[in-house]
Every structure is written in structure tokens, then in C-alpha cells.
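All remarks here apply to the structure that follows.
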Amino acid sequence: MEEIYVNAEYFKYDNPIPSTINRKGPRSSKRSFYSGVTLSLGLLSVLLLIGLITLGVYLHDSTASLSATSSKLSSMTEERDHLKANLFAMRNNLSAVTEERDNLMANLSAMRNNLSSMTEERDHLNARLTEKTKELERLQSLSKQNKACPAGWRKLSCSCYLLSERSDSWDAARKDCRDREADLVVIDSSEEQMFLATVTKGNSWIGLNDKEQEGQWKWVDGTPLILSNWMTNEPNNVGDEDYPQWGEEDCAHDRGIRLWNDISCSASFKWICEKMP
Ligand code: BGC
Ligand code: CA
């Protein structure tokens, strides 16, 4: 400091500054230098202050944004963990389901194989059954053909026939046949009809009636009437309409001339029974 003042004195007394360089002198130059410095420092301070404020605002905003981002990240992390747990559980589920599916597929395949072999076996058995049934039918037919009729019965083809000795109503006639393990005759071929003409020449009950429904003639074995040998103008159910004294004519009899008539079931005739040997 002493040196500065010494130099100042030197400038003051020994080296006067030439008037051409600076008329205001060293004091004025220093002042303007200091003013500039002060101004610069002031400006710098203002700039620094603005910078600090801006930085503060920026930092505030950043902190808020950081906080929001952090909370978002936290919730996303939570969600991710949740999804991970779900994914894990689903993977486990998928694995179990896949295993079950594989088991089921294996079962299905085994069952298909089983079904296939069972179908094959069934077809084989069906074929054998058909074969055996045919053989049985053939044997039965042979055995029937070969079987003789009981004494007093006459044979035609696979049936035996018997003409009753007495006369009675249609119902009594049928009962008698059933008692003999037979039934009233069912005429289902012209050959049979011709044959019956050799069994009897007189009236005889046959197994035909329309008791259930008028006009619906049925054989005693349940078969409908296909081959018929009615006399002219029969069946006329005449007792029901014009001759009430005869009663309703719901039963059929053979006149012994290969022709039939409907008459009251309470009329009295002989009858023909039929049965297998
Ligand atoms: C008729 C028959 C009737 C019978 C009754 C005859 O004169 O032609 O249709 O069934 O009498 O006995
Ligand atoms: Ca009649």
C-alpha cells in the first residue's frame, strides 16, 4: 500500500501527464473504470439473480415433475408386479390345462382305439348272429316239416288241422281250440282254403271276426284280412239292420264250399282248429 501511495506521489509531482493524453487526469479515469466495474458487477448480479430465479423455478418444476414421474413409476412398477404375478399364475394355469388336455387327448385316443376294436367286434358278432339266426330258422323249419301232427289232426305244410265233433258258439269254439294249444283256423292261402274243403263239407267257424270294429275283419292271430273268400253280398251284417232277430253278425264261418258268411257269434257250428306240430 505504501508503494502505491509513493507511486501516486510520483505521478502527482514528478511526472505530470501531458495535456495531449488526458485532460481530466488520473482521478477521473479511475472513477470511470470503477463505475464500469460496478456497473458490470451490478449487471452480472442481476443476471445471476435472474439465473438463480430461473433455476429455482426450473428446479421447482423439475421437482414436481420428478415427484409425479416417481409416483407414476411407482404405480407402474406396482402394476407391472401385479401383471407379473398374473402372468405367472396364468402360466401355471396354462401348464395345468395343457397337461389336462394332453391327458384327455391320450384318453380320447385310447377310447377311439377301444371303440374301433369294439365296433369291429360288434360287426363280427352281428355277422355271426345273422348267420346263426338263419341256421336256426332253417333248422326250425326243417324240424316243423318233419314233425308229425297229433293223432286225429290232419297236416298241410307246417300246420295241423282238426274238425270239432260238436257244434257251439264262436267263443266256445275258440276256447276249445286254445285248450288244445291251437286256435281257430287262419286261412292265408288258396291252397289252405282248398285243403279245408277236404276237412269239412259243412258250416264251420273260422278264426275271423269284426268284433272290435264293425267292418274291420281280423284273424285271431292279429293279421288283417288280405285273402278273402266271402260269398256274394257278404259280409252284410244283416242281423244288425234288416233282421234284428239274428243279432249283429261279427263272426265268420266257412259254408263248407270254400266260401264265407258273417253271422251272429252266438250261432252254433262245428269249427276247425289249427296249430303247429
Ligand atoms: C243271409 C246271411 C245271413 C244269414 C243268417 C242268410 O239268409 O244271406 O247274410 O248271415 O241268413 O243266418
Ligand atoms: Ca251275413
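The values are calculated or read from the model by the stated rules, or taken from the named source; none is laboratory data. Computed from a prediction, not measured in an experiment: that's the story for all the values here. Please note: Cβ atoms are built from the backbone with ideal geometry, for glycine as well, and neighbour counts cover all protein chains shown. All accessible areas refer to the heavy atoms of the entire protein, side chains included, with ligands and DNA or RNA removed. Shrake-Rupley method; radii C 1.70, N 1.55, O 1.52, S 1.80 Å.
Details
- Cα long-axis angle, helix 170-179 against the chain (0 to 90 degrees, to the nearest 10): 80
- Modelled label positions at A85 and V199, each set 7 Å beyond Cα in the direction of Cβ, lie 9.5 nm from each other.
- The listed residues R112, R180 rank as R112, R180 when sorted by accessible area, largest first, using a 1.4 Å probe.
- Angle between the chain longest axis and helix 26-146 axis [Cα atoms, degrees, rounded to 10]: 10
- Listed pairs K175/K218; K211/K275; K211/K270; K134/K275; K134/K218 exceeding 25 Å between Cα atoms: K134/K218
- Calculated on the alpha-carbon coordinates, the convex hull of the chain measures out at 487 cubic angstrom per residue.
- For the listed peptides 221-229, 170-178, a ranking on the average number of other beta carbons within 10 Å per residue, highest first, reads 170-178, 221-229.
- Part-to-part distance (alpha-carbon centres) for region 26-51 and region 199-218, which is given in Å: 150
- Highest mobility in the GNM of the chain, judged by mean-square fluctuation with C-alpha springs under 10 Å and restricted to S116, S204, S29, is found for S29.
- DSSP bridge pairs, the chain: antiparallel proportion in percent, nearest 5: 85
- Calculated mean residue ellipticity, 222 nm, the chain: -20500 deg cm²/dmol, from DSSP H runs (n ≥ 4) at -39500 (n - 2.57) each, averaged per residue and rounded to 500.
- Using a simple spin-label model with pseudo-atoms 7 Å out from Cα toward Cβ, E191 and L115 lie 5.0 nm apart.
- Restricting region 111-220 to GluC sites (Glu not before Pro) in coil, as DSSP defines it, with at most 13 other Cβ within 10 Å: E165, E181, E212, E214
- For region 154-275, the share of accessible area belonging to carbon and sulfur comes to 46 percent (1.4 Å probe, ligands and nucleic acids excluded).
- Selection from T77, N113, W246, by position along the positive dipole direction of the chain (Cβ): T77
- The angle between the Cα long axis of helix 2-13 and the longest principal axis of the Cα atoms of the chain comes to about 60 degrees, rounded to the nearest 10.
- The slack between I257 and N103, meaning 0.36 nm per residue of separation minus the straight C-alpha distance, is 47.4 nm.
- Using a 4.7 Å Cβ-Cβ cutoff, the cysteines of the chain lacking any partner cysteine are C158.
- Accessible surface computed residue by residue for region 154-275, with neighbouring protein chains in place and a 1.4 Å probe, gives 52 Å² per residue.
- Once the Cβ-Cβ distance of R154 and S228 is raised to the sixth power relative to R0 = 25 Å, the FRET efficiency obtained is 0.60.
- Contour minus Cα-Cα distance for A64 and K132 (0.36 nm per residue): 14.8 nm
- Computed lengthening from K147 to D123, 0.36 nm per intervening residue step minus Cα-Cα distance: 5.1 nm
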